[in-house]
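S.K.: Just dropping this structure here.
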Amino acid sequence: MIHQAQTNPGVGIIGAEPYVNGVATALGKRRQAGVDNIAIHAGDARDLMDVLPKGSIEKAFLLYPDPWPKARHHRRRFVTQEHLKPLHKALAQNAEFRIATDIPDYVRQAMEEVPNAGFEWLATRASDWRVPWDDWLSTRYEQKALREGRMPHYLTFRRI
């Protein structure tokens, strides 16, 4: 988030963090970096979808979300119609939606659900989802996945 704020100083960024320690860390990093184009929502990103104006978001990131690995918990994943439909509404026409995950079943569910919510997958070749985006800065979750031998996936969708 800090990297995106520094790279795009004229863009307002909203970060969502449900855990108090995470909010404190994000605020500290924001202050240390001296960026003023980040707002932190102390809660789940899903809470924001009902209050964001229609078409007000130009790009959304879902980076290493909680995988909810048990089948009975899959409905809690962000990549369900319950959460994707409000995101679709908040995103501007042709806005980009990026997902980074190392969980194959999360990729599978995203590939099924995201297009059904009004998004187009932009990949045309394997490197489009195997190679990080040009402006990507590796996260600690990605580093952990790589250490443990899991392959990251970088999925890019466009709101249609």
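S.K.: For region 93-112, how many residues are over 13 Å from residue 154 (Cα atoms) and either open to solvent by 50 Å² or more (accessible area, probe 1.4 Å) or more than 16 Å from the chain's Cα centre (by Cα) (or both)?
M.R.: Of all residues in region 93-112, those over 13 Å from residue 154 (Cα atoms) come to 93-95, 105, 109, 112.
Next cut, either open to solvent by 50 Å² or more (accessible area, probe 1.4 Å) or more than 16 Å from the chain's Cα centre (by Cα) (or both) only: 93-94, 105, 112.
The total comes to 4.
S.K.: Another question about this same structure. Please go through region 30-40 and give me each residue that is within 26 Å of residue 89 (Cα to Cα) and either part of a loop (DSSP other than H, G, I, E, B) or not β-branched (Val, Ile, Thr) (or both), ordered by number. It would help to see each step written out before you state the result.
M.R.: Taking region 30-40 as the starting set, the residues that turn out to be within 26 Å of residue 89 (Cα to Cα) are 37-40.
If the condition is that a residue be within 26 Å of residue 89 (Cα to Cα) and either part of a loop (DSSP other than H, G, I, E, B) or not β-branched (Val, Ile, Thr) (or both), then 37, 39 are the ones that fit.
S.K.: Then there's this: Which of the residues spanning region 135-160 are at pLDDT below 95 and exposed (fewer than 11 other Cβ atoms within 10 Å of the Cβ)?
M.R.: If the condition is that a residue be at pLDDT below 95 and exposed (fewer than 11 other Cβ atoms within 10 Å of the Cβ), then 135, 140 are the ones that fit.
S.K.: If residue 57 passes every condition in (1) open to solvent by 40 Å² or more (accessible area, probe 1.4 Å); (2) touching a residue at least 24 places away in the same chain (Cβ under 8 Å) but one, which one does it miss?
M.R.: So residue 57 meets the others, but not (1).
S.K.: Would you pick out the residues in region 7-29 that are outside any loop (DSSP other than H, G, I, E, B) and open to solvent by 40 Å² or more (accessible area, probe 1.4 Å)?
M.R.: Kept after step one, since they are outside any loop (DSSP other than H, G, I, E, B), are these residues of region 7-29: 7, 13-16, 20-29.
Scanning region 7-29 gives 7, 14, 16, 20, 21, 24, 25, 27, 29.
S.K.: Only one residue in 32, 4 is of a type outside the set (Gly, Ala, Ser) and open to solvent by 60 Å² or more (accessible area, probe 1.4 Å). Which one?
M.R.: On inspection, the qualifying residue turns out to be 32.
S.K.: From the list 92, 42, pick out the single residue that is in contact (Cβ under 8 Å) with a residue 40 or more places away in the chain, over 22 Å from residue 142 (Cβ atoms) and in contact with an Asp or Glu (Cβ under 9 Å, 6 or more places away or on another chain). Don't jump to the end; show me each part of the working.
M.R.: Working: 42 fails: in contact (Cβ under 8 Å) with a residue 40 or more places away in the chain.
Testing whether each residue is in contact (Cβ under 8 Å) with a residue 40 or more places away in the chain, over 22 Å from residue 142 (Cβ atoms) and in contact with an Asp or Glu (Cβ under 9 Å, 6 or more places away or on another chain) leaves just 92.
S.K.: Anything in region 41-70 that is outside any loop (DSSP other than H, G, I, E, B), among the small types (Gly, Ala, Ser) and in contact with a Lys or Arg (Cβ under 9 Å, 6 or more places away or on another chain)? List them, or say none.
M.R.: Keep residues of region 41-70 that are outside any loop (DSSP other than H, G, I, E, B), which gives 41, 45-48, 57-63.
From what's left, among the small types (Gly, Ala, Ser): 45, 60.
Correct list: 60 only.
S.K.: Can you report the number of residues in region 64-89 which are more than 15 Å from residue 114 (Cα to Cα) and in contact (Cβ under 8 Å) with a residue 60 or more places away in the chain?
M.R.: So the answer is 1.
The values are calculated or read from the model by the stated rules, or taken from the named source; none is laboratory data. Every value quoted in this text rests on a predicted model; they were computed, and no experiment measured them. Glycine also receives a Cβ, built like all others from the backbone with ideal geometry; neighbour counts cover every protein chain displayed. Calculation scope for accessible area: heavy atoms of the full protein, side chains included, ligands and nucleic acids excluded. Shrake-Rupley method; radii C 1.70, N 1.55, O 1.52, S 1.80 Å.
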